[in-house]
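What follows is a short report on a single structure.
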Amino acid sequence: MNESSEPSLFSDLGLPASLLKALNDVGYESATPIQAAAIPPMLEGKDVLGQAQTGTGKTAAFALPILTHVDVKIRHPQALVLTPTRELAIQVAEAFQKYAAHIKDFHVSPIYGGQNYDGQLRLLKRGIHVVVGTPGRVMDHLRRGTLNLDALKTLVLDEADEMLRMGFIDDVKWILEQTPPTRQMALFSATMPKPIRRIADRYLKDPITIMMKSQTATAERIRQRYWMIAGTHKMDALTRILEVEDFDGMLVFVRTKTATIEIAERLEARGFSCAPLNGDIPQNQRERTVERLKKGAVDVIVATDVAARGLDVDRLSHVINYDVPYDTESYIHRIGRTGRAGRVGDAIIFVAPRERRMLRDIEAATRQTIERMELPTSDDVNNQRIERFKQRITDTIASDQLDIFRNMVLQYQVETEVEAIDVAAALAQLAHGDAPFLLPKDAPYREPDFKRSREKGRSNAVARDFNSNLSRYRIEVGRADGLSPKNIVGAIANEAGISSRYIGHIQIEREYSTVDLPADLPDDVMAILTKLRVAGKPMRISADKGSGPDRGSKTNRPNKPHREARKQSFSVKEFGTKKAKKAKKVKKDKKGKVKG
Ligand code: AMP
């Protein structure tokens, strides 16, 4: 988005009233760039290839056209969305539900591994219009005949590159082959590695390709910092920054109209002079707010991107990206509200660990590194409060309007013989009110655990902890079945909720494979694993007795492969890394030498 291009209104995109109403309910003000680009062609039934990551609003970009075309009278799935993880499946299904709030009798269901089949079967039988699922489980239902795609109108691959990374791409292709050739298809992916391109080339028909262009801009006069969201709530973080940061005027960007009001009200309650700015606020009132900001009657404005477009107020010293922007262009537009009239400005962005990609994109787009900032500690905040308090005393004394009070205090002292210091302290308490003056000491700071939060956010909703050592398990699927380690990792992590940090060494043989997993796997997890399929075959997992990494030696392993058998072995840590690729290359070179 730049200053000259107009934002796209949902009402201009050809969406029905029921959806516009729901979008208004959730407080969306305008369409994000990916939505503006993808919704019209998808409504026309065209195939779409979209390069978009989490946070760009891609879910609504495909959900809204799908909901426009759904016929609730047809009680069979009309759209299928494939997602790499159950977490995302649930999230996407919830988004459908939210946007379909005014579509009567509409049903969507997430279908993912680790959940019992009976509940899913009941739902499927009852008749659902949109299925959102992970590839493994969708494939199972198709094989069992419990999911019928004859009425399918639209198929969406969401986060295709993640599905590739998790080893689901063959499953995805298989599912694609089961869909009616007439269906519309949309593929969304943050990156476009070759295998994803090949899928796009093979399965998409004359697609409309949407690449979010990233405008570059220099922001020399703007100091950019980020705070990695961890432990503290965003609202508390914002308050701390407001208390400690030396600012003149501040603009806080949020995503929805509702959030502008909510946050402005909360900041007001915490003693800041603050006002919301969003597209629902009448124009003359908005103009008044901007005037008040210019005059210093308000210091903090909480705004949506649309409402703050073109805002030109010299005293805006700080821009806070409370919610990350949809793309780098809107970020550049946001931070351009500060650093005006030759002044220097400050931009701070709050990012969750899973939004780190946006941070890298912004660095590339602004050709600047964004400094990491630590949140002010409670000591910092308290010191500021004490300083401000002292300053207020000095200012009040200087105001020279104390005569009445001076006489009263004197009178009180004579009557009661209380020390002046105690009188002053009592008056300060009176003026301050009941709320504690100082913040309590901070809890010890913990570095955000990116790996954990990524795993929690992405791969499994019920991640478990295991205490025991790893033990070796045997899987009755091997290289001959086209199995690769990522198939195993993807299936086990996603379907059984075992985080990849508990998946150890993997060895692929011709007819079977072994994988190291915690020895104390509970029965319910074993039950899921036993039924799991990889590379299109049942895994039939069993304990590989006597050969685990924590017991027994390789030589007395009952399942020791034939010496000649070609082996591929990997450990999860190496898998997919440069090291693993290098190791593979060395292997190839060696083979080459033997041949030569
Ligand atoms: P997504 O990229 O689909 O995961 O969406 C990221 C977040 O943006 C979600 O919390 C959505 O609710 C929100 N969102 C999506 N579209 C809009 C919009 N047009 N205006 C405001 N928020 C939006």
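Each residue in region 61-87 was checked for being open to solvent by 20 Å² or more (accessible area, probe 1.4 Å) and either within 13 Å of the ligand (Cβ to nearest atom) or not assigned by TED's automatic domain parsing to the domain that holds Ile175 (or both), and 1 of them qualify. Cβ-Cβ contacts under 9 Å between residues 6 or more apart (or on different chains), taken from a first residue in region 396-418 that is within 17 Å of Leu430 (Cα to Cα) to a second residue that is of a type in the set (Ser, Thr, Tyr), are listed as Leu402/Thr396; Val418/Tyr412.
Sort out which residues of region 222-258 are within 16 Å of the ligand (Cβ to nearest atom) and either free of Cβ contacts under 8 Å to residues at least 24 places away in the same chain or touching a Ser or Thr at 6+ places or on another chain (Cβ under 8 Å) (or both), and write them in order of number. If you could, list the steps in order and put the result at the bottom.
Filtering region 222-258 down to residues within 16 Å of the ligand (Cβ to nearest atom) leaves 229, 234, 252-258.
Passing the criteria: Phe253, Val254, Arg255, Thr256, Lys257.
When you look at Ala101, is it touching a helix residue (DSSP H, G or I) at 6+ places or on another chain (Cβ under 6 Å), away from the ligand (no atom under 11 Å from the Cβ) and open to solvent by 40 Å² or more (accessible area, probe 1.4 Å), yes or no? Working first, answer last.
Numbers: touching a helix residue (DSSP H, G or I) at 6+ places or on another chain (Cβ under 6 Å): yes; away from the ligand (no atom under 11 Å from the Cβ): yes; open to solvent by 40 Å² or more (accessible area, probe 1.4 Å): yes.
Considered against the rule, which asks whether it is touching a helix residue (DSSP H, G or I) at 6+ places or on another chain (Cβ under 6 Å), away from the ligand (no atom under 11 Å from the Cβ) and open to solvent by 40 Å² or more (accessible area, probe 1.4 Å), Ala101 comes out as yes.
Just so you know, in region 266-301 the residues that are under 24 Å from Arg240 (Cα atoms) and among the acidic types (Asp, Glu) include one that is surrounded by the most Cβ atoms within 10 Å (Cβ to Cβ), and it is Asp299.
The residues listed here are Lys58, Lys46; of these, the one that is touching a residue at least 60 places away in the same chain (Cβ under 8 Å), within 13 Å of the ligand (Cβ to nearest atom), in contact with a strand residue (DSSP E or B) (Cβ under 7 Å, 6 or more places away or on another chain) and basic (Lys, Arg) is Lys58.
Quick check on Gly113: is it of a type in the set (Gly, Ala, Ser) and in a loop (DSSP other than H, G, I, E, B)?
Values: of a type in the set (Gly, Ala, Ser): yes; in a loop (DSSP other than H, G, I, E, B): yes.
Answer is yes for this residue.
In the set (1) within 11 Å of the ligand (Cβ to nearest atom); (2) open to solvent by 30 Å² or more (accessible area, probe 1.4 Å); (3) in contact with a Gly (Cβ under 7 Å, 6 or more places away or on another chain), Pro33 fails one condition alone, (3). Under the condition of being in a helix (DSSP H, G or I) and crowded, with 16+ Cβ neighbours inside 10 Å, the residues counted in region 138-172 number 15. So for region 11-29 (the condition being within 16 Å of the ligand (Cβ to nearest atom), in contact with a strand residue (DSSP E or B) (Cβ under 9 Å, 6 or more places away or on another chain), of a type outside the set (A, V, I, L, M) and open to solvent by less than 30 Å² (accessible area, probe 1.4 Å)), does at least one residue qualify? No, there is no match, as no residue in region 11-29 is within 16 Å of the ligand (Cβ to nearest atom), in contact with a strand residue (DSSP E or B) (Cβ under 9 Å, 6 or more places away or on another chain), of a type outside the set (A, V, I, L, M) and open to solvent by less than 30 Å² (accessible area, probe 1.4 Å).
Does Glu220 count as in contact with an Asp or Glu (Cβ under 9 Å, 6 or more places away or on another chain) and at pLDDT below 95?
Working: in contact with an Asp or Glu (Cβ under 9 Å, 6 or more places away or on another chain): no; at pLDDT below 95: yes.
When the stated conditions are applied, Glu220 does not pass them.
Residues that are open to solvent by 50 Å² or more (accessible area, probe 1.4 Å): find the strands (runs of 3 or more DSSP E) completely inside region 462-531 holding 1 or more of those. Spell out the reasoning first.
Values: elements: 470-475, 505-508, 513-518.
Result: 470-475, 505-508.
Mind checking which residues of region 371-422 are assigned to a helix (DSSP H, G or I), aliphatic (A, V, I, L, M) and surrounded by 10 or more Cβ atoms within 10 Å (Cβ to Cβ)? Hits for region 371-422 are Val381, Ile386, Ile393, Ile397, Met408, Val409, Leu410, Ala420.
Does Val92 count as β-branched (Val, Ile, Thr), assigned by TED's automatic domain parsing to the domain that holds Thr182 and either in a helix (DSSP H, G or I) or open to solvent by less than 20 Å² (accessible area, probe 1.4 Å) (or both)? Before the answer, list the steps.
Values: β-branched (Val, Ile, Thr): yes; assigned by TED's automatic domain parsing to the domain that holds Thr182: yes; either in a helix (DSSP H, G or I) or open to solvent by less than 20 Å² (accessible area, probe 1.4 Å) (or both): yes.
So Val92 fits the description; yes.
The one condition from (1) within 18 Å of Ile348 (Cα to Cα); (2) open to solvent by less than 80 Å² (accessible area, probe 1.4 Å) that Arg221 does not meet is (2).
Within region 227-248, how many residues turn out to be more than 22 Å from Thr260 (Cβ to Cβ) and in contact with a strand residue (DSSP E or B) (Cβ under 7 Å, 6 or more places away or on another chain)?
Our first condition is that a residue be more than 22 Å from Thr260 (Cβ to Cβ); within region 227-248, this holds for 228, 230-231, 244, 246.
This time we only want the ones that are in contact with a strand residue (DSSP E or B) (Cβ under 7 Å, 6 or more places away or on another chain), so: 228.
So the answer is 1.
Cβ-Cβ contacts under 8 Å between residues 6 or more apart (or on different chains), taken from a first residue in region 7-36 that is among the acidic types (Asp, Glu) to a second residue that is open to solvent by less than 20 Å² (accessible area, probe 1.4 Å) and more than 9 Å from the ligand (Cβ to nearest atom), are listed as Glu29/Asn278; Glu29/Ala307.
The values are calculated or read from the model by the stated rules, or taken from the named source; none is laboratory data. Only a predicted model underlies this, so the values are computations on that prediction, with no experimental measurement involved. Note: ideal-geometry Cβ built from the backbone for every residue, glycine included; neighbour counts use all protein chains shown. Each accessible area value is taken on the protein alone, full model and side chains, heavy atoms only, with ligands, DNA and RNA left out. Shrake-Rupley method; radii C 1.70, N 1.55, O 1.52, S 1.80 Å.
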